[in-house]
Each structure stands twice: as structure tokens, then as C-alpha cells.
Amino acid sequence: MNKQYNKTITACFVGYIVQAIINNFVPLLFLTFERTYQIPLSQITLLVTINFGVQLFVDLLSVKFVDKIGYRASMVIAHLCSAAGLVLLTILPEVMSSSFLGILTAVVVYAIGGGLLEVLVSPIVEACPSDHKEKAMSMLHSFYCWGHVGVVALSTLYFYIVGISNWKILAVIWAVIPLANALAFTKVPIAPLLPEGESGLRMKDLLGMKLFWVLFIMMVCAGASEQAVSQWASTFAEQALGITKTLGDLAGPMAFAILMGASRFFYGKYGDRIDLDRFMIFSSLLCILSYLGISLIPVPLVSLAACAVCGLSVGIMWPGTFSKASQALRRGGTAMFALLALGGDVGCSGGPTLVGLISSSLNDNLKAGILAAIIFPVLLLTGILLCRRMKKQL
């Protein structure tokens, strides 16, 4: 890596920690919102849907404006929106006529930042001069996992020591990170995504390519394979072991995130010695086995261990698909990264939704819902094999 771009890479790593903050901090406060503002849980659960819905919309919209205003300005806006949303979370519920609308407005503001980060961070890292871009991409995405773990662990510790009633102070503390990183992005060098004189593929061009559609479906399946288990891991741990929600969060999502981060960190460290296709094929097969373990093995502890192994197996899927797309479609540009981010976010919302719908239709049988979601790692494996067969078109 060219030394002058080390600060850029570090700022991008922090960018994914920011995204982890805005996606994972507010869900820790759902019961607090219910008690403090008398908001029914049916409304509170809408906050997650709205958050990812706004991010999906921004993914799509960014194709039109990111190249016009530039990556630097877009990155600064993304971080300022993330910080503003966290700060507004502490103000708007108290000053607006409806506390729920106040929280919702804050969520929309930081979701704009989250959507932009999803589109911008990966191509900025991809553009940095490096001999092993797959390693850098995997290491980058590991920082979302470490951010997730850090947000849950540090917030839980803060609530235990200071009290959850003082959550507003913590929200402002978390807001300092995107604010500081916005300042960093006004100074760090940002390499052009495409060589001078070249223009990126238009959305219309990408949508007409079979290879792009294979990669897009792989991104949908990567997001779905990850979140179908991650979003239900705490509930699964509580049901399977009969433990409290706090312990369920630690035994479920935390273990999942730690092993997912470990997988990405491992490839980020040793990826130059490992064939990406083989690593993704092995990971997809391990993911399929973990889904079978979760849903079919009647021993609760073994099923919970399979949840954690699932985190290990899905680690490479998202960054690996980004890397394959960058290699295969070198003129993909902003449009490609935005559409792939859109596909990933569709999978992130669609995977848990499928699990929930199937489980509900079968008397809240969560194992049956997770078994149905095995279609996602199976399709991802099929996509990897199809990409290998289409290599002559690369």
C-alpha cells in the first residue's frame, strides 16, 4: 500500500465502525423508548425497517449524485448525517409533538449517512493503490464486525455502570466518532476509482450484463445468509437455552459478530496466500452445514454453536463478492458499487423477513424458518460456480 494512503484506509475502517454504531446502538434502546415515551413495540420495530429502507433508497439515489459532487464531499456528508442523527435522537423526542416522530426523524437522518457509507467506503478502499485488494476489502469489512461487538459490549457496560436512563450522554459520545472522521475525510488523499479519461459503466449497461446479475444475486444472498441468522440469534439463544435477553445477546449476536469478524480479519491478513474462489466455496458449504445444524440438531447447545459457526462462514461472502465484482467489471464505477450495496441491503432485510414469515406460519417454529433460509447460501454457492464458468468473459 502506498504510504500516503494509509490514513485513507484507516479513515475507511472507522467509517465502517460508524455504520456499526448507527445500525446497532438504537436497537439496544427499544425497551427504554417503550417505557420512557409510551411508544408501542409495534411502532418501535418500524424503526429498523425505516432505517434499512432509507439506506436502500440512498443506495439507489447515490448513482445520480456521488460522481457529480465527488467522493470526498459525499463522505463528509455521510459522516455529518450520522453524527447529526445520533445527536437529534437526544433532542427531537422531547421537543416534537410526537416522541415517536422525533425518534423516526433522527433515524432517517442517520440512515442517510449509513446508506452513503455503504456505497462509498468500499470503492474508496478499492481505488487505493495496493497489490492485494481482496485482502484490504476483507480487512475493511471486518471493522463493521468489530464495531458491532464494540457498540453492544461498551454500551451494555455503560448502561450497567451509569444506568440506561443516561443513554443520551452515550448517544452524544458515539456521535463524536463520525464527527471526527468527517474532519479526517476533508484531508486524506482519495484516489480516482477509474483511470483518468475513462468513464464508469452506466446503470443501463450493467443491467444488460448477465455477469452483473449473477454478482447482484450473490450480494442479495450474502446479505440474507448473514442476517437471516444474525437478526434471530438472540431470540434463538433465549428460546433454546431459556436465558435472559442480556445473556442471549452475548451468546447469540455477539458470538456471531466476533466469528464473522475473525473470518474477515483472517482473509485480510493471509488472503494473498488463499484463492478467493476456493475460500468462498468452502465458506458457502460451511454456511449450509451450519444452517442444517441450527435447524435439525435437537441439542440446544449444539444448535447455538452452529449459530456462531454461521458467523464464521458468512464473513467472506459480502467483501468477497465486492472483490469479485471489482475484478470482473473493472469499469463498474460508482453505479456498480451502489447497485451491489442495494442488493446486499435487500438481502439484509429479506433474509430475516423470510425466516420470520416461515416461522410464524408454522407456530413460531424458528428452526423451520432458518431451514427455509438455507436457499440463500445454496444460491450463493451456485453463483460462485457460475462466475468461475464465465471467467472467459471477464
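Projected area of the stretch 1-128, taken from the Cα convex hull and averaged over every viewing direction, in nm²?
Across all orientations, the stretch 1-128 yields a mean hull projection of 8.2 nm².
Assuming R0 = 25 Å, can you tell me the calculated FRET efficiency for the pair I161 and A305, based on Cβ-Cβ distance, to the nearest 0.05? Working shown, then result.
Values: r = 31 Å, r/R0 = 1.23.
Result of the calculation: an efficiency of 0.20.
Could you tell me, in Å, what Rg and Dmax come out for the Cα atoms of the stretch 18-74?
Taking only Cα atoms of the stretch 18-74, I get Rg and Dmax of 15.3, 45 Å.
Using θ = phi - 60° and the Karplus form 6.51 cos²θ - 1.76 cosθ + 1.60, what ³J(HN,Hα) does each residue of the stretch 210-227 get, whole Hz, x for Gly and Pro?
Computed from phi, the couplings for the stretch 210-227 are 4, 4, 4, 5, 4, 5, 4, 5, 4, 5, 4, 5, 5, x, 5, 4, 6, 7 Hz.
For the cross-link pairs K3/K187; K64/K210; K7/K187; K64/K204; K64/K135; K135/K324, which exceed 19 Å when the distance is taken from alpha carbon to alpha carbon?
K64/K210; K64/K135
Hey, what's the Cα Rg ratio for the chain versus the globular rule of thumb, 2.2 N^0.38 Å?
Ratio of Cα Rg to 2.2 N^0.38 Å: 0.95.
Charges on Cβ only, +1 for Lys and Arg, -1 for Asp and Glu, centred on the Cα centroid of the stretch 229-343; of G343, I297, V314, which one is farthest towards the dipole's positive end?
G343
Based on the Cβ-Cβ distance from D205 to L179, what FRET efficiency comes out when R0 is 51 Å, to the nearest 0.05? If you can, show how the numbers build up before the last one.
Working: r = 38 Å, r/R0 = 0.74.
In this case the efficiency is close to 0.85.
7 Å from Cα along Cα→Cβ at both L386 and V172: what's the point-to-point distance in nm?
About 5.2 nm separates the two model spin labels.
Explain nothing, just the number: dipole magnitude of the chain about its Cα centre with +1 on each Lys and Arg Cβ and -1 on each Asp and Glu Cβ, in debye rounded to the nearest 20. Walk me through the intermediate numbers first.
Numbers: 26 positive and 19 negative charges, 188 e Å.
That gives the chain a dipole magnitude of about 900 debye.
For the stretch 355-394, report the translational diffusion coefficient in µm²/s to the nearest whole number, using Stokes-Einstein at 25 °C, 0.890 mPa s, and a Kirkwood Rh over Cα pairs.
The estimated diffusion coefficient comes to 211 µm²/s.
Per residue, how many Å² of accessible area does the chain show with a 1.4 Å probe?
42 Å²
Highest mean first, how do 67-76, 320-329 rank when packing is the count of other Cβ atoms within 10 Å averaged over residues?
In decreasing order of mean packing, 67-76, 320-329 become 320-329, 67-76.
In the chain, with Lys and Arg counted as +1 and Asp and Glu as -1 at Cβ, which of these residues, L47, P352, H79, has the Cα nearest the positive end of the dipole, that is, farthest along it?
H79
Using only alpha carbon positions, build the gyration tensor of the stretch 173-324, then give the equivalent ellipsoid semi-axes as the square roots of 5 times its eigenvalues, largest first, whole angstrom.
Working: eigenvalues 228, 101, 44 Å².
For the stretch 173-324, the ellipsoid semi-axes come out as 34, 22, 15 Å.
Given q = 0.16 Å⁻¹, what are the Debye log10 I(q)/I(0) values for the stretch 280-352, with equal point scatterers placed on the Cα positions and solvent ignored?
-0.67
The values are calculated or read from the model by the stated rules, or taken from the named source; none is laboratory data. Only a predicted model underlies this, so the values are computations on that prediction, with no experimental measurement involved. Ideal geometry is used to build each Cβ from the backbone, glycine not excepted, and the neighbour counts take in all protein chains shown. To get the accessible areas, we keep the full protein, side chains included, count just its heavy atoms, and leave off ligands, DNA and RNA. Shrake-Rupley method; radii C 1.70, N 1.55, O 1.52, S 1.80 Å.
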